[in-house]
Amino acid sequence: MVLTALTMPERRLNADGVILVAPAVWSRADMPLSYRAALFLGANLLPDMILSNSAASHVVTIVPSDNVPMLRALGRDPLFQKQTRIGTLYGLVNLMDEARTAPDAITAAPPVLFLYGAHDQIIPANPTQAVIGALQSKQAVPLTIRHYEHGYHMLLRDLDGATVDQGVADWIFAQQKPG
């Protein structure tokens with residue numbers, strides 16, 4: 001969503017900087033045809049059908065973090081969303097489509113810190129690298145990239161989250177203007 005906001009000069013973000021933590025940039029164009037077809041059919045035929053990520057479903061094994069105690073706590077948290085409608089997922093993918101192509105339309109932006117982990121299983125590496133490349137090609141976008149070898153999708157909550165936190169803090173302090 002933040003990447004998309006950077007494309008709207010008429011709604012210029014009043015920000016001194018932008019921090020993108022494992023941004024959701026996995027668009028339909030990057031997905032296998034089977035994923036796109038299932039999403040389209042589900043959203044149009046069964047939009048209210050509930051999808052669950054419960055441990056009982058074992059269909060997909062995706063590890064969002066190496067911080068197992070935190071993941072277990074989220075599993076027990078009644079406020080953490082464990083189910084979603086297909087129609088909601090369809091809307092999320094719409095937002096990811098916009099974010100994936102946003103760098104092409106950015107003409108100016110505040111400094112951007114882009115963080116991603118080598119073990120991110122939520123957002124694949126190819127779309128992430130494509131967005132980084134597109135942002136790097138924009139001379140009007142001051143870009144800092146931080147790649148975490150031990151990082152997963154939930155970088156700030158991973159076991160090495162303190163390192164990520166420190167990197168974010170250092171970047172913020174470096175952006176401060178004297179005076």
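Things to note:
- The residue that is nearest to the chain's Cα centre (by Cα), among those in segment 142-174 that are part of a loop (DSSP other than H, G, I, E, B) and of a type in the set (Asp, Glu), is Asp158.
- Residues located in segment 110-166, provided they are of a type in the set (D, E, K, R) and out of contact with any helix residue (DSSP H, G or I) (no Cβ under 6 Å at 6 or more places or on another chain): Asp120, Lys138, Glu149, Asp158, Asp160, Asp165
- Considered as a group, the residues in segment 5-34 that are of a type outside the set (Val, Ile, Thr), assigned to a loop (DSSP other than H, G, I, E, B) and at pLDDT below 95 include one that is surrounded by the most Cβ atoms within 10 Å (Cβ to Cβ), and that residue is Leu6.
- Conditions (1) in contact (Cβ under 8 Å) with a residue 12 or more places away in the chain; (2) under 25 Å from Ala134 (Cβ atoms); number of the one not met by Leu33: (1)
- Selected residue (only one of Pro78, Pro69 is farther than 26 Å from Leu3 by Cβ and modelled with pLDDT of 95 or more): Pro69
- Strands (runs of 3 or more DSSP E) wholly inside segment 35-141 containing at least 3 residues that are surrounded by 14 or more Cβ atoms within 10 Å (Cβ to Cβ): 112-117
- Residue that is polar (S, T, N, Q), in contact (Cβ under 8 Å) with a residue 40 or more places away in the chain and out of contact with any Phe, Trp or Tyr (no Cβ under 7 Å at 6 or more places or on another chain), where the choices are Thr88, Thr84, Thr101, Thr128: Thr101
The values are calculated or read from the model by the stated rules, or taken from the named source; none is laboratory data. Just so we're clear, the structure is a prediction, and the values are computed from it rather than from any experiment. Note that we place each Cβ from the backbone using ideal geometry, even for glycine, and neighbour counts take in every protein chain shown.
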